[in-house]
Every structure is written in structure tokens, then in C-alpha cells.
Amino acid sequence: MQSLVAAVERLDPLTVSGRVAAVQGLLIEARGGLSRLAVGARAEIERYGEKPLPAEVVGFRETRALLMPYGPVEGVAPGAAIKIEPQGGAVRPHKAWLGRIVDAFGEPIDGKGPLPQGIVPYSLRAAPPPAHARDRVGERLDLGVRAMNVFTTCCRGQRLGVFAGSGVGKSVLLSMLAKNAECDAVVVGLIGERGREVREFIEETLGEEGLKRAIVVVATSDEPALKRRQAAYMTLAIAEFLRDQDLEVLCMMDSVTRFAMAQREIGLAAGEPPTTKGYTPTVFTELPKLLERAGPGPIRPDGTRAGPITGLFTVLVDGDDHNEPIADAVRGILDGHIVMERAIAERGRFPAINVLKSISRTMPGCQEPMERELVKAARQAMSAYSNMEELIRIGAYRAGSDPQIDRAIELHPALEAFLSQDKEDSSTLDASFAGLADILGVNAA
């Protein structure tokens with residue numbers, strides 16, 4: 001009976017028709033049926049010799065609706081019929097999706113057959129839970145990566161950004177987190193990725209073990225802006241479904257920058273004015289709406305709590321400028337940031353995290369007093385070495401001039417080795433702090 005009810009609910013309650021009036025680049029203008037339309041409505045446009053072209057209403061201009069397609073516009077002609085569904089998109093996730101790879105529409109692309117559909121529809125553009133109705137962040141989360149466990153300790157339901165330029169190791173870091181983090185399920189959104197890298201990430205970087213408890217959403221860089229944007233919404237909708245099953249979810253997105261770029265393309269096509277670096281105002285409106293959907297689960301009316309969504313979102317910094325508009329906006333929205341630097345990667349230390357520039361806003365509250373002292377001592381040593389690094393390298397610093405710097409030079413090789421971690425290795429929280437205590441010569445007990 002439930003399956004029958006779900007099938008009836010999926011029936012279109014109303015069909016609005018229109019016609020193509022004009023095509024300008026990636027923008028299609030439609031006439032007719034405007035009284036029943038709204039931004040976000042889905043449509044299908046007839047094409048000569050091709051399957052109908054899916055599209056979405058992104059705005060209005062006087063008496064015409066503005067649509068953007070989910071595919072190439074070849075075959076669209078003036079007067080072509082448009083079938084419009086006033087209701088926005090929704091998805092019906094299912095637990096059996098774990099271990100599968102889907103596209104921006106929730107369709108399987110891994111060749112493993114069709115996906116079962118759940119009963120409850122989840123809106124792709126759902127509003128974040130009200131602030132007063134959601135739980136606080138939980139206890140700390142073991143991420144399996146020493147540098148993050150110690151220096152940017154993360155809590156369950158926290159949202160962290162990973163800021164890095166291209167080729168610095170973001171994807172490998174995400175794969176380490178997907179395999180090693182202490183959670184029930186992982187949702188990975190590959191937004192605007194290179195097509196070549198998708199299978200490499202899934203088969204080699206993520207691996208079979210990592211994929212077993214993961215759902216991967218893919219929209220490659222060659223796909224239209226609407227699909228890239230929708231893949232980001234799909235990622236959060238699936239994470240919300242798993243959260244409502246009382247699972248602890250790790251939601252990772254690579255990258256938020258490409259979501260912003262997709263929204264910029266859509267906004268410019270719809271006639272929005274460009275601002276800094278061409279980004280339109282809606283980019284900075286949509287970012288918090290997307291990122292705030294991750295976080296602690298809502299508290300239900302009966303007092304039970306849904307599972308948390310711990311968010312890890314990568315930001316591709318333009319030209320290694322960590323103050324460019326998207327990085328600056330995202331840094332202000334999230335609960336902490338991990339900074340990866342090219343200079344560290346170039347000297348062969350991976351993950352290339354600059355712990356002195358990385359922070360977690362839940363620290364030091366989620367650490368024990370002894371752990372806080374360990375982190376403080378390690379940061380002081382690394383900061384002292386960083387301040388004098390050039391002089392040390394050229395031999396201009398004389399040993400004995402400053403005891404603190406002498407101590408920093410002594411600890412530097414061991415701290416660098418501690419921060420370095422192979423992608424196949426995993427380190428628990430307790431082992432991470434014990435290792436740091438051993439380097440600093442402190443009794444962790």
C-alpha cells in the first residue's frame with residue numbers, strides 16, 4: 001500500500017504548457033502559462049530528432065519566463081512545445097543507495113542497475129533546520145588524520161572548510177577522511193570535477209572499503225551549470241535523508257567553489273549584475289543556504305534527536321589567494337578552516353596542512369586540559385621555527401642565541417614527521433595525542 005501511495009504522489013498534479021520564444025546562448029525564453037509558474041519549476045522542451053531537453057525556470061523578463069537547460073540546446077527551435085511542472089525537484093533516497101554512484105538527478109551511473117526509491121520525498125533545496133530547533137554540536141569526532149585530530153579537533157555536527165589551490169592534495173585528504181572517520185555513512189559530492197579524475201577518486205583514492213558506506217554524487221566540469229548546482233543540492237538532500245535515519249553522517253563536497261561558479265553562470269545568464277570577480281549577488285545568498293543544511297540534527301517534537309551531519313567542504317582558492325571572494329565568504333560561514341599550502345606540498349609533506357593557519361572553532365572546548373597544553377607547546381615551537389626559517393636555512397642563525405628557537409629546531413624534524421601521513425595510514429585521537437606527547441617529552445597520562 002505504501003508503494004502505491006508513493007506512486008500516486010509522484011503523479012503530476014498539473015501540467016502547464018508554453019512555447020519557445022527565443023534562445024540566447026544558454027538562456028531559453030518561453031511564452032505562455034506564466035500565471036502558474038515560479039522560479040525553480042522544471043520543464044521539458046521538445047527538440048527535433050532528440051529526446052526532450054530538461055530545463056529549469058531561473059527568472060522572468062516582462063511577459064516571458066527564462067529557462068536554463070540541463071543539457072545542450074541543439075535541436076531547440078522557435079515555437080517548440082514546453083511542458084512545465086510547477087513543483088520543484090525532489091528526490092526519494094533509500095538506504096540501499098550506500099555503495100552507489102549517482103548523478104545530479106539521483107540516477108545511477110555506476111552500471112550496477114536501477115536504484116530503489118524511498119517513500120518520503122526530500123526537497124533538493126530544503127531550508128536548513130531552524131537554529132533554535134537543532135541540537136548543539138556533539139562530542140569530538142575521530143577523523144583518522146593526525147594533523148586534524150590534534151590541531152583542528154572536530155566535533156560531530158561541525159562544518160569545516162578545506163582551503164587549497166589546485167593539485168595540493170584536497171582529494172586525497174577527502175579520501176582519507178571518507179575511509180577513516182568515525183561515522184555511520186559518508187556522502188561525497190564531486191562538483192565540477194574533471195571526468196578523468198572521477199573513476200580514479202572512486203576506485204583508487206576512495207577504494208572499495210571507502211565506497212561501501214558512501215554515496216557519491218557526480219557532476220563533471222563539462223556538464224551544464226544547472227546540473228553542477230543541482231549535484232550540490234542532491235548531496236545535501238541525501239545527507240539529510242541519512243540524518244533522519246538517525247545515522248551519523250559525514251558530508252563532503254569537492255568543491256564549493258565550483259558550485260559558486262555554476263551559480264554565477266546561472267545568475268549572469270538571468271541578467272543579474274556582476275560584483276567582485278563577476279560573482280552575482282545570488283552566489284553569496286545561496287552559499288549559506290547550502291552550507292547551513294549541514295550541522296547538528298534537528299530535535300523532533302517527541303524529544304528525540306536526528307543524527308548529525310558533519311560537513312567538510314573544499315574551497316579551490318583562485319591563484320592560491322586565500323582571501324578571494326568565495327574563500328572569504330565560506331570562511332565566515334563555516335565553523336573552522338583547514339589551510340593547505342603549495343609550498344608544503346612541494347617539499348613532500350602530505351597532507352600539506354599548515355596547522356598554524358588552520359583553526360577549529362570548537363577548540364579548545366573539546367579538548368582535555370593536558371591536550372590543550374600539548375597543542376599550545378607544539379604551536380609555539382612551530383611558530384618559532386617558522387619565524388626564523390629563512391635564517392636557519394641559510395645558516396645565519398647561531399645556536400644558543402635563543403633557547404626557544406634552539407628547542408624549535410630540535411623538534412622540527414619530529415613534528416614534520418608527525419604531521420606527515422600516508423593515505424593508507426590511520427591514526428586515532430588517543431594515538432595522535434600520545435604521539436605528540438612523546439615528541440614533546442611530556443607524560444600524556
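Quick notes
- Treating r as the C-beta distance of ALA127 and GLU389 and R0 as 56 Å, the FRET efficiency rounds to 0.75.
- If the segment from ALA22 to ASP246 were pulled out straight at 0.36 nm per residue, it would be longer than the present Cα-Cα gap by 75.8 nm.
- Using the Cβ-Cβ distance between ARG407 and ARG213 with R0 = 45 Å, the FRET efficiency computed as 1/(1 + (r/R0)^6) comes to roughly 0.55.
- With contacts taken as Cα pairs under 8 Å and at least 6 residues apart, the chain reaches a relative contact order of 17 percent.
- Dipole orientation for the chain: of the candidates SER255, ALA181, PRO54, PRO54 has the Cα lying most toward the positive pole (charges on Cβ; Lys, Arg +1; Asp, Glu -1).
- Solvent-accessible surface (1.4 angstrom probe) belonging to MET363, in square angstrom, nearest 10: 40 Å²
- Lys pairs under 25 Å by Cα in the chain, provided they are eight or more residues apart or on distinct chains: 27
- Close amide H partners of ARG134, meaning residues 5 or more places away or on another chain with modelled amide H under 5 Å apart, are ILE299.
- Rel. contact order, % - alpha carbon contacts under 8 angstrom, at least six apart, region 13-88: 41 percent
- The slack between GLU373 and ALA38, meaning 0.36 nm per residue of separation minus the straight C-alpha distance, is 115.0 nm.
- Karplus 3J(HN,Hα) series, Hz, for region 203-208 with 6.51 cos²θ - 1.76 cosθ + 1.60 (x for Gly, Pro): 7, 9, 6, 6, x, 5
- GLU292 accessible area, assembled protein chains, probe 1.4 Å, Å²: 70 Å²
- Computed from phi, the 3J(HN,Hα) profile of region 333-340 under the Karplus parametrisation 6.51, -1.76, 1.60 (θ = phi - 60°) reads 8, 7, 9, x, 9, 10, 9, 9 Hz, with x in place of Gly and Pro.
- Computed E for GLU139/LYS83 - FRET, C-beta separation, R0 56 angstrom, nearest 0.05: 0.65
- The trypsin sites (Lys or Arg not before Pro) of region 327-417 that DSSP puts in a loop, and whose beta carbon has at most 11 other beta carbons within 10 Å, are ARG347, ARG398.
- Solvent-accessible area, 1.4 Å probe, carbon plus sulfur percent, for the chain: 51 percent
- Computed on the Cα trace of the chain, the radius of gyration divided by the Kirkwood hydrodynamic radius gives Rg/Rh = 1.03.
- Per-residue HN-Hα couplings for region 348-363 [Karplus 6.51, -1.76, 1.60; θ = phi - 60°; Hz; x = Gly/Pro]: x, 9, 10, x, 7, 8, 8, 5, 6, 9, 9, 9, 10, 6, 8, 8
- Amide H to amide H, with H built 1.01 Å from N, ARG159 comes under 5 Å of GLY311, ASP335, counting only residues 5 or more places away or on other chains.
- Relative to the 2.2 N^0.38 Å rule of thumb, region 13-88 has a C-alpha radius of gyration ratio of 0.95.
- Cα-centred dipole magnitude for the chain, charges only on beta-carbon of K, R (+1) and D, E (-1), debye, nearest 20: 1100 debye
- Between LEU356, PHE284, CYS155, the Cα set farthest toward the positive side of the dipole of the chain (charges on each charged residue's Cβ, about the Cα centre) is that of PHE284.
- In the full protein context, the chain carries 45 Å² of accessible surface per residue, based on a 1.4 Å probe and ignoring ligands, DNA and RNA.
- Whole-Å semi-axes of the ellipsoid equivalent to region 392-445 (Cα gyration tensor, √5λ, descending): 28, 16, 5
- Among VAL375, ALA414, ILE439 the positive-end extreme of the charge dipole of region 370-440 (Cβ point charges): VAL375
- Principal axis dimensions, largest first and in whole angstrom, of region 163-263 by Cα: 33, 27, 23
- The charge dipole of region 370-440, taken about the Cα centre with unit charges on the Cβ atoms of Lys, Arg (+1) and Asp, Glu (-1), comes to about 300 debye, rounded to the nearest 20.
- Qualifying trypsin sites (Lys or Arg not before Pro) for region 133-162 [loop in DSSP, other Cβ within 10 Å: at most 16]: ARG136
- The H on the amide N of CYS154, modeled in the peptide plane, is under 5 Å from the matching H of LEU141, each at least 5 residues off or on a different chain.
- Bridge orientation summary for the chain: considering DSSP beta bridges with both residues in this region, about 55 percent are antiparallel.
- Order of exposure, largest accessible area first, which applies to ILE119, ILE266 with probe 1.4 Å: ILE119, ILE266
The values are calculated or read from the model by the stated rules, or taken from the named source; none is laboratory data. Quick caveat, the model's predicted, so the values are computed rather than measured. Note that each Cβ is placed from the backbone with ideal geometry, even for glycine, and that neighbours are counted across all protein chains shown. The protein model used for the area step is the full one, side chains on, heavy atoms only, and it has no ligands, DNA or RNA in it. Shrake-Rupley method; radii C 1.70, N 1.55, O 1.52, S 1.80 Å.
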